[in-house]
Amino acid sequence: MTVTSALAMVLALILLAIAAYTVAARRTFAAIEGFVAYGLLLSIAWVALSSIDVALTEAAIGSGLTGVLLIGAAARLRTTEAALSAERPGAPLRWLAAAASAAVAGGIAVAVLSLPDPAPTLAPAAAEHLASTGLGNPVTAVLIAYRALDTLLESIVVVFALIGVWSLTPDRTWGGRPGPEHAADPNGILAYLARLLPPIGITVGLYIFWVGADLPGGKFQGATILAAMWLLVMMAGLTDAPPISRTWLRILLVAGPLLFIAIGFAGALTAGAVLAYPEGYAKLLIKVIEAALMPTLTLTLALLVAGASERTAPP
Amino acid sequence: MSFFLDIFIVVTVSAGAFFFLAGSVGLLRFPDALSRLHALTKADNLGLGLIVLGLLPRAGGLLAALKLVVVWLLILLASATVSQMVARVARRGGSPS
Amino acid sequence: MNDFLLAAAGFVLATIALGLARIVRGPTDADRMMSVQLIGSNGVAVLLLAGAAEGTPAAGDVALALALLAAFASVAFVKSATPPIPDSDKEPERA
């Protein structure tokens, strides 16, 4: 057995163990800890599978942002946790759920293992036309050039998700600041971290966004890191979440997708099809779209975690 | 020259891995939360530091070497501050499982 | 040399497996937070070693992201486990 396959085996076993613990944990908090650990290990697994872009997204969203989202949800549910665990579903239902999950996992395993060798793939075709997009990273080319429609719709769906979260706001606090007021000791260790880490984090986030054209990275991972740094500053109480009725916030939320749509329809006039890029301008337009989507994604991700407004809007 | 470099890399990376082992074993075996925290920080400081030191000669250029050092400094900062915050939670008794 | 670095990565991966026992056993939440922090730091080491062994410098970018976000998740854990500070001496309106 080679070193690489032994490593892969150990990683797979660790992943299975932590996944089993996350499912079996009794307390919500412990299960969330397991989930964050699972996300971190899964991103290592993605690197082992040579999918660096997915690894970046998994580390950023899967363990970081989703973990904090779940913590916020668990904190809100803390008062009802006792009642919830009293009405756990009965054993037959849980066995049925376990059987269904195992069947799905088994089906996916069979499908992956029975792929013909070499597996059918469009990767050579994608790599062949990479030069016309001016990009060096085939993943970014797929996201913004070949399947731009998917990315456009996703960026709109994410804004819709945020509106969905906002729809949970009670009437009297509509338009106010999301989340509770965070008060941390201004001389304490959290404030210190929130002053020192964000400049580094913002640099790393912008770097990963910029480098996504030619190397693994891109706007989504960069925006997640930026959102995480903003949330850190909010959690330390150094700044407060903006009221969601602010005009600048709403303009920035829709600016990205609107610009994407505008460029897409302009492509119908200049390049013959919607979301087609005219010859020679592809890289420039792609950069403009990505730069416009960055603030939208950062705002959306941070506000999704911050939640619905809980405090009334200031005048 | 490259032979001595290889020896250097093997020695530093092995020492770093040893400190990671010490950190994990400490996390498992020490009696209470605060002493486990103490074991953990050895892995972050010395373990990662030695491994980064050992990987520096193999880094492809100044920028890559700088990135390695920045990663180490980031982990230092993050784990030091998080350790203090976790220690506060541990001292307060944490929430029992 | 590549094989040695890969073996070192595997060794650190085994220490992660050791640390996972603390998530399962650790009686208090603080123990579990420490375990997550351990996975973050050791995971960074695994990525740096494996990246150097296989010649993928992009693994260093994932290590950067891991370092940043493991800290972020840990901060959120600690905040949720800490009761809020009484705000009697805080100014009422934040500018």
Q. How would you classify the stretch C:2-78 from its alpha-carbon gyration tensor, with a ≥ b ≥ c the square roots of the eigenvalues: rounded for a/c under 1.5, else prolate if a/b is greater than b/c, otherwise oblate?
A. oblate
**Q.** Charge context of A:A306, other residues only, Cβ under 14 angstrom, K/R +1, D/E -1
**A.** +2
Q: Note down the nm distance, to one decimal, between modelled labels 7 Å out along Cα→Cβ at A:T4 and at A:D185.
A: 5.1
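Where a ≥ b ≥ c are the square roots of the eigenvalues of the C-alpha gyration tensor, would you call the protein assembly as shown rounded, which needs a/c under 1.5, or, failing that, prolate if a/b is larger than b/c, or oblate?
Rounded is the answer for the protein assembly as shown, as its axis ratio a/c remains below 1.5.
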Q. Which FRET efficiency value, to the nearest 0.05, do you get for A:R78 and B:R91 by plugging their Cβ-Cβ distance into 1/(1 + (r/R0)^6) with R0 = 25 Å?
A. 0.70
Q | Rounded FRET efficiency, nearest 0.05, which uses the C-beta distance separating A:A19 from B:L66 and R0 of 51 Å | A | 0.90
Q: With a length cut of 20 Å (Cα positions projected on each helix's long axis) and a Kyte-Doolittle mean of at least 0.5, go through chain A and give me the DSSP H helices that pass.
A: A:3-24, A:28-48, A:91-113, A:148-166, A:189-211, A:219-235, A:247-270, A:282-306
**Q.** Under 14 Å, Cβ to Cβ, from A:I286 - net charge with Lys/Arg +1 and Asp/Glu -1
**A.** +1
Q: Measure nothing but the geometry: give the 0 to 90° angle between the long axis through the Cα atoms of C:2-25 and the longest principal axis through the Cα atoms of chain C, rounded to 10°.
A: 40
(Q) Taking 2.2 N^0.38 Å as the expected size of a compact globular protein, what ratio does the Cα radius of gyration of chain B give against it, to two decimals? (A) 1.30
Q: Could you check how many percent of all C-alpha pairs in the stretch A:154-229 are farther apart than 21 Å?
A: 53
Q) Quick one: A:E181, A:E310, fewest Cβ neighbours within 10 Å first, how do they rank? A) A:E181, A:E310
Q: Could you give me the percent of Cα pairs per 5 Å distance bin for the stretch A:1-77, shortest bin first, beginning at zero and ending with the bin that holds the maximum distance?
A: 3, 17, 22, 22, 17, 10, 6, 2, 1, 0
Q.
So for each of A:136-143, A:165-172, A:62-69, A:88-95 I average, over its residues, the number of other beta carbons within 10 Å; can you give me the resulting order with the highest mean first?
A. A:62-69, A:136-143, A:165-172, A:88-95
Q: Pop the C-beta distance of A:I108 and A:V157 into the FRET formula with R0 = 22 Å and round what comes out to the nearest 0.05.
A: 0.35
Q: Calculate, axis by axis, the spread of Cα positions in the stretch A:155-195 along the three principal axes, and write the results as whole Å, longest axis first.
A: 38, 29, 11
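Readers should treat all values here as calculations from the given coordinates under stated rules, not as data from a laboratory. All figures in this text were calculated on a predicted structure; none of them were measured in a lab. All Cβ positions, even for glycine, are placed from backbone atoms using ideal geometry, and neighbour counts span all protein chains on display.
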